[in-house]
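To keep things clear, I will list the structure first and then write my remarks on it.
The values are calculated or read from the model by the stated rules, or taken from the named source; none is laboratory data. Model, not experiment: these values are computed from the prediction. Note that we place each Cβ from the backbone using ideal geometry, even for glycine, and neighbour counts take in every protein chain shown.
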Amino acid sequence: MNYFPVFFDLDAQKVLVVGAGEVALRKVELLMRTGAAVTVVAPDIHPELMRRAGAGLIKLALREFVPEDLSGARLVIVATSHRALNRWIANLSESRGIPVNVVDDREASRFIVPAIVDRDPVLVAVATSGTSPVLARRLRERLEALIPKRIGEAALWLRSMRRTAKSQLRDIGARRRFFEAVVDGPAMRRFIDGDAQGARRIAQQLLSTSSTAPRAAGEVALVGAGPGDAELLTLKALRALQDADVILHDRLVSRSVLDMARRDAELICVGKAAGNLGSTQEQINQLLIEHASAGKRVVRLKGGDPFVFGRGGEELEALAAARINFSVVPGITAAAGCAAYAGIPLTHRDYAHSVSFVTGHADKTGKEPDWRALSAPGHTAVFYMGLARLEHIVARLLEHGASPTLPAGLIVQGTLPQQRVIVATLATLVKIAARAALESPALLVVGEVVALHESLAWFGMPKILDASQSA
């Protein structure tokens, strides 16, 4: 994040604008809405700025800039057509510790002015770190269409309820749940639709119910984080992350997914790398029970889908035994997500009529999967966590009838920008994978459908192909 987003309170504060053309006029119009005391310095003045100065709305200096103009300024905006002058003023401002923005000169600016959706007091600012103002404006236009016109009035209404809610609901968690119920429910919909009286009536009923109800019991949501790309989260998963007080997450849950959580949520990593010590399943179960028993909303965040090799069932059994309320939010499992991003359809009527998901780890009892069924023609086998036992898996498939020329693929860091895909045959896969020095997480796909990757690949880094296949 190149810029730290902040909102300045400029009421009655001096803001200096150097330059007085069309661009400066747009900046002054925006600044005046904040209550800032705007001073414009320029030898030539736009007629509209002259009119506003005549009306006493801004101060005007009809001359060239001098360093003394910076005295007392909280912000400086430079909008002249002379680059050398702009840079000189920027350097002077910087030396005095005054934040400065030079229009269309990101390198000379200490701050940038975002595109703004104004629903006072609700403000939404969109910035592209100065790389593309046009893109920022287009995003603002989309947000303008999505955000209700009366959302600012709704914010003032919610503020008016804060004192009453605080007096009746002593627990901060109870207050948060009350306001979430108002914002997410029929009260807010009524207010946005123009029925303020109906909205207040519903909110008062909610407050009365909340104030007399016993402390809310904690709960656990078992949430699938998907294969990595944060945009593959479901809407329900996003809501759970935003509502959670505590999030227990696997090591492989991507940073971009965790960034979707509420900023003040407690994040606890309970995952482990292959072969390394980490939280045991019993410890994870105990943490879930402890936090939920304390009345907190807990999210157990797992990569992929929590019910596909995620031990989600074991955790729910522990919660059920402890009489903890729980729910499940499915996620896109790694097999579906990574294969799609690699351009490998898991089923295709010309190549495969069935698919199996198999864990690459050895069963704790030593029991092996049905290798003959996995090796059958017209079948796709997907091995989770198969990189560590790749040689063993390939050997067992070949022993049980799979052709040495059967296509096989490894998908590493699937759905993420650093995704890599290796396509080979069972006979050559182990050697090519060793040469590529791959690291987990990796997904192994075996079957005729893997051959479609060469023509259907659409995402990520260039693929690594077995040279013998392309000969």
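Here Glu29 qualifies as free of Cβ contacts under 8 Å to residues at least 12 places away in the same chain, among the acidic types (Asp, Glu) and out of contact with any His (no Cβ under 6 Å at 6 or more places or on another chain). Between Ala203, Ala187, Ala217, Ala165, the distinction of being surrounded by fewer than 19 Cβ atoms within 10 Å (Cβ to Cβ), among the aliphatic types (A, V, I, L, M) and farther than 30 Å from Ala334 by Cβ belongs to Ala217 only. A search for C-beta distances below 7 Å between a residue of the stretch 284-301 that is part of a loop (DSSP other than H, G, I, E, B) and any residue that is among the acidic types (Asp, Glu) and modelled with pLDDT under 95, counting only pairs 6+ apart in sequence or on different chains, returns Lys296/Asp245. Cβ-Cβ contacts under 6 Å between residues 6 or more apart (or on different chains), taken from a first residue in the stretch 401-427 that is surrounded by 20 or more Cβ atoms within 10 Å (Cβ to Cβ) to a second residue that is among the basic types (Lys, Arg) and part of a strand (DSSP E or B), are listed as Val412/Arg420.
Can you tell which of Ile284, Ile268, Ile289, Ile247 is within 16 Å of the chain's Cα centre (by Cα) and of a type outside the set (Ser, Thr, Tyr)? Lay out the reasoning, then the answer.
Numbers: Ile284 fails: within 16 Å of the chain's Cα centre (by Cα); Ile268 fails: within 16 Å of the chain's Cα centre (by Cα); Ile289 fails: within 16 Å of the chain's Cα centre (by Cα).
The match here is Ile247.
Going through (1) modelled with pLDDT of 95 or more; (2) in contact with a Gly (Cβ under 8 Å, 6 or more places away or on another chain) one by one, Leu57 falls short only on (2). I'm trying to understand the selection: among the residues of the stretch 390-404, which are closer than 14 Å to Val445 by Cα and assigned to a loop (DSSP other than H, G, I, E, B)? Hit for the stretch 390-404 is Ala402, nothing else.
Considering only the stretch 377-397, state which residues are among the aliphatic types (A, V, I, L, M), over 17 Å from Thr428 (Cα atoms) and at pLDDT 95 or above. Steps first, answer last, please.
At the first step, the residues of the stretch 377-397 found to be among the aliphatic types (A, V, I, L, M) are 381-382, 385, 387-388, 390, 393-395, 397.
Filter once more, so that each one left must be over 17 Å from Thr428 (Cα atoms): 381-382, 385.
Residues satisfying the conditions are Ala381, Val382.
So, Ile77, is that one surrounded by 19 or more Cβ atoms within 10 Å (Cβ to Cβ), hydrophobic (A, V, I, L, M, F, W, C), over 19 Å from Ser109 (Cβ atoms) and in contact with a strand residue (DSSP E or B) (Cβ under 8 Å, 6 or more places away or on another chain) or not? In short, no.
Could you tell me whether Val358 is touching a Pro at 6+ places or on another chain (Cβ under 7 Å) and in a strand (DSSP E or B)?
So Val358 fits the description; yes.
Filter the stretch 439-453 down to residues that are surrounded by fewer than 18 Cβ atoms within 10 Å (Cβ to Cβ) and either assigned by TED's automatic domain parsing to the domain that holds Pro227 or part of a loop (DSSP other than H, G, I, E, B) (or both), then give me how many there are. Of the residues in the stretch 439-453, 2 are surrounded by fewer than 18 Cβ atoms within 10 Å (Cβ to Cβ) and either assigned by TED's automatic domain parsing to the domain that holds Pro227 or part of a loop (DSSP other than H, G, I, E, B) (or both). Among Glu315, Glu290, which is touching a Phe, Trp or Tyr at 6+ places or on another chain (Cβ under 9 Å), of a type in the set (D, E, K, R) and either surrounded by fewer than 21 Cβ atoms within 10 Å (Cβ to Cβ) or assigned by TED's automatic domain parsing to the domain that holds Leu267 (or both)? Of Glu315, Glu290, the one residue that is touching a Phe, Trp or Tyr at 6+ places or on another chain (Cβ under 9 Å), of a type in the set (D, E, K, R) and either surrounded by fewer than 21 Cβ atoms within 10 Å (Cβ to Cβ) or assigned by TED's automatic domain parsing to the domain that holds Leu267 (or both) is Glu315. Scanning the stretch 358-399 for residues that are buried (at least 18 other Cβ atoms within 10 Å of the Cβ) and under 31 Å from the mean Cα position of the chain (by Cα) yields Val358, Gly360, Val382, Phe383, Tyr384, Met385, Gly386, Leu387.
Having 2 or more residues that are free of Cβ contacts under 8 Å to residues at least 24 places away in the same chain, assigned by TED's automatic domain parsing to the domain that holds Val18 and closer than 15 Å to Val18 by Cβ is the bar; report the strands (runs of 3 or more DSSP E) wholly within the stretch 53-132 that clear it.
The qualifying strands (runs of 3 or more DSSP E) are 59-61.
Of all residues in the stretch 235-252, one or more are under 30 Å from Cys338 (Cα atoms), of a type in the set (S, T, N, Q) and surrounded by fewer than 16 Cβ atoms within 10 Å (Cβ to Cβ).
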